[in-house]
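First comes the structure, then the notes that go with it.
The values are calculated or read from the model by the stated rules, or taken from the named source; none is laboratory data. Since we're looking at a predicted model, the values are computed, not measured. Note: ideal-geometry Cβ built from the backbone for every residue, glycine included; neighbour counts use all protein chains shown.
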Amino acid sequence: MRMRTGALMAGLMLVGGAALADRNDVMLQVTGQIAGGVAALTRDALHALPSVTIETSTVVTDGVHSFTGFLMRDLLDHLGAEGDRVTAIAMNDYAVDIPIADFYDYDVIVAYDMGGEALTRDDKGPLWIVYPRDDHDALQDIRFDYRWVWQLYRLDVQ
Amino acid sequence: MKRFATPRLGLILPMIAVLVFTVLLLFSLIRMVEVQNAMRVEAEQNMLWVFHQSEVAALRLTETIALADLGHAGTDDLALRFDMLTSRIALLNDGPQRRFVEQIGFGADLTALTRSLSEIAPMIDNFTPGSGARLRDALAPFARFFGRAANMAMIAEWNELGGRLETYRYQLRQTIASLIGIMGAGGILTVTLVLSLRQSRQRNRLLQQERDFSGLLISSSGEGILAVDHDGRCTLWNGAMAAMVGKPPEQAVGRMLAEVAGFFDVVTVRQGIKRALGGETSQLTFQPLFAGDCDRPLYVDLRFFPMRNGGAILGAILFIHDASDRHAAQQKDAQDRDRLEELVSERTRDLDNALQRERSAADLYRNFAAMVSHQFRTPLAVADSALQRLIRRGPRADPNEVAERAGRARGAIAGLTRLVESTLDAARLDAGQIGARRVKCDLAEIIQTVCARRRDAAPDRPIKVRQATVGQTTAFCDPAHAEQVLENLLSNADKYAAPKTPVSVMLLGDGESLFCDVRNAGPSMDDQDRQQIFERNFRGANSVGITGTGIGLFMARNLARMQGGDVTLQPGGEGVTFRLILPRFTEPQS
């Protein structure tokens, strides 16, 4: 992993500083009951997880949108997380406790792409927890709506 | 019972209640579905929070600018805080949020702020310490806008919430009213149900009582009662029936009637049941009914009735009455009557006989008188004239003439004596003074004896005796009577036959009796004489000029009958044949 990242970095040195800086920034921090206690994941590391696309409407936008990202349970499995809930924290310090069961009951993804475009920090990016709201009636509830954390940057597994 | 004025009201009221119940239930259901659908919190109702977050983002950007002015914050912090504010503005410009902002009248303000954001962006990028005041001034409208918008959002949301709650309350009130109505209708239905249940229970009880009473009537009836359905299967069988036929109800009910007892398979009974099933009533009297183990039959009267329900015939009902006593009484009556009739006829016969005897006696005397006057006069006249001649001749008469004339007189007197004897015999017979002493005797010998005596008395008359093969010739009779009968028959045959013609005597016989036929060649008799020939004092047409009393054949027959035999006149043929019949002697069984 490290070797490959190193090779990739060497290959991309020539492309440009900004892009390089973006790709090496830590995009998501995971703390709590995971293997190693702390994980800092870069964009590349997140994109290396199997990507999943779901189509759903949201409560803050009009119409149906296509979201692409990785399954939350894939991430937790990848990190060897043990616990029953995850505290998701946004950049504006918005924090919500989400039961881990949600990720196994539903295909909850962490989206980095909406409608074919990468999510950005000045909108709802770079990461947005998206529930497959249209596929399950149970998810069309305000008690699930507040779990849609955007501008996500940290997860704490408890 | 009569809780409702009319039965129609009793039916209409619950129907109305059911209708009301249904309508109200439907109405409250619709209302509740409406409430359920309305009870959904829309995201834009969280606008107060959105404005608060936006205001916090604006204030934190302002704060970061102040810190950056003092060199306590870097450009990265500044960029992050600016991005946060930008994202809030972007959120507000998204569909639902944008509509709410326009609804509360801040659409133009938001557009202006969005535009000013693009002017602020270069100032953030090119931030240098000391330039913070200008940036803060540019950001001032943001916090003000968010504060005012939050205020308006609160008012709008509360208004909306108040309105919504009022609608809910109104709808719930309607639902409550409907539920009260439903309860009322339910109450009416319950009361109706309870009433009708009670009524039905009461009716059931009455019906049960009636049925029990009918059952009691049937079971305690002295008459046997049974019912059959159209297939001939027994459906009812009471105790009296069980006692008469000797089969308990459990062996009869449900079975074919013909299988229960043979009595019901009798044609007349079967027809009665068939007629009753066809709707016709009928009855039978004194039918013999043999109960299972009894030798003597019961005599029963049967009445068949169709069992009707409305117009339909459900089956037949049969009442059986034990009429044995009546039958016995009737039988006894009949016997008494028969005996009485017999007694009467016996008496009548006795009286007739007595009358007959009286008449015979009268006839006897009259005939006797006639006979005496006629028959006795002739020999008397013969004797008288013979004696007169003797007296006239006196001494002139030679001894031969005297002997001849005296002999003639004596013959006439002897004939007279015989007449008197036979008359006396008949009188003795009438008086019952003659009896028969029956013993074993040989009839052939008797015939020989009588014929020999007859030949001596009338040497001119040939008598032929013949005997057929008859085996034993022993008869069971009184030999004296038998001789007299034969004497009579032979004397008669001699008397009425032409001179010199033979008289034949023949002995015959069959298994039980011996016959002795005495035949002469005399002229045959006409029918009337034949019928009367055995009567006392009767004298046939051919007896004119021949002395006789008309008693001989009468005596002969009576004597023969006295010994268990008879004397008959054989029909047809030449001459006249009389037959003496006597029973054969049979060895007494030891």
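Would you mind finding the one in B:356, B:375 that is in a helix (DSSP H, G or I), at pLDDT below 85 and under 60 Å from the mean Cα position of the chain (by Cα)? Step by step, each of B:356, B:375 is checked, and only B:356 is in a helix (DSSP H, G or I), at pLDDT below 85 and under 60 Å from the mean Cα position of the chain (by Cα). Would you confirm whether or not region B:459-471 contains a residue that is more than 60 Å from the chain's Cα centre (by Cα), on the phi > 0 side of the Ramachandran plot and of a type outside the set (D, E, K, R)? The answer is yes, given that some residue of region B:459-471 is more than 60 Å from the chain's Cα centre (by Cα), on the phi > 0 side of the Ramachandran plot and of a type outside the set (D, E, K, R). Applying a threshold of 6 Å to beta carbon distances and a minimum spacing of six or more residues, or different chains, the list of pairs starting in region A:54-65 at a residue that is under 13 Å from residue A:128 (Cα atoms) and ending at one that is acidic (Asp, Glu) and part of a loop (DSSP other than H, G, I, E, B) reads A:60/B:94.
Among all positions in region B:463-482, there is at least one residue which is in the same structural domain as residue B:557 (by TED's automatic domain parsing), more than 24 Å from residue B:564 (Cβ to Cβ) and crowded, with 18+ Cβ neighbours inside 10 Å. A residue that is surrounded by fewer than 19 Cβ atoms within 10 Å (Cβ to Cβ) and of a type in the set (S, T, N, Q) occurs somewhere in region B:519-529. Taking the listed residues A:117, A:82, the one that is loosely packed, with under 15 Cβ neighbours inside 10 Å, away from chain B (no Cβ under 14 Å) and not hydroxyl-bearing (Ser, Thr, Tyr) is A:82, with no other qualifying. Remark: pairs (first residue in region B:543-556, buried (at least 22 other Cβ atoms within 10 Å of the Cβ); second residue modelled with pLDDT under 70; Cβ separation under 6 Å; 6+ apart in sequence or on different chains) = B:549/B:371.
Filter region A:57-72 down to the residues that are more than 14 Å from every other protein chain (Cβ to nearest Cβ) and in a strand (DSSP E or B) and list them by number.
If the condition is that a residue be more than 14 Å from every other protein chain (Cβ to nearest Cβ) and in a strand (DSSP E or B), then A:66, A:67, A:68, A:69, A:70, A:71 are the ones that fit.
Where helices (runs of 4 or more DSSP H) fall wholly inside region B:455-568, the ranges with 1 or more residues that are at pLDDT 85 or above and of a type outside the set (D, E, K, R) are B:479-495, B:552-562. The single condition among (1) under 30 Å from residue A:147 (Cα atoms); (2) within 14 Å of chain A (Cβ to nearest Cβ) that residue B:75 does not meet is (1). Of all the criteria given as (1) within 12 Å of chain A (Cβ to nearest Cβ); (2) surrounded by 19 or more Cβ atoms within 10 Å (Cβ to Cβ), the one not satisfied by residue B:52 is (2). Taking region B:256-348 as the region of interest, the strands (runs of 3 or more DSSP E) fully inside it that hold 1 or more residues being assigned by TED's automatic domain parsing to the domain that holds residue B:236 and in contact (Cβ under 8 Å) with a residue 60 or more places away in the chain are B:298-309, B:312-322. Against the conditions (1) farther than 19 Å from residue A:120 by Cβ; (2) facing another protein chain (nearest Cβ under 9 Å), residue B:80 satisfies every one except (1). For residues that are out of contact with any Lys or Arg (no Cβ under 9 Å at 6 or more places or on another chain) and under 14 Å from residue A:148 (Cα atoms), scanning just region A:96-110, find the one that is nearest to the other protein chains (Cβ to nearest Cβ). My answer is A:110. Of the conditions (1) closer than 22 Å to residue A:90 by Cα; (2) facing chain A (nearest Cβ under 10 Å), residue B:93 clears all except one; give me its number. Only one criterion in (1) closer than 22 Å to residue A:90 by Cα; (2) facing chain A (nearest Cβ under 10 Å) is unmet by residue B:93, namely (2). Sub-9 Å Cβ pairs linking a first residue in region B:115-142 that is surrounded by 14 or more Cβ atoms within 10 Å (Cβ to Cβ) to a second residue that is not in a helix (DSSP H, G or I), at least 6 apart or interchain, are B:123/B:131; B:132/B:70; B:135/B:127, ordered by first then second residue.
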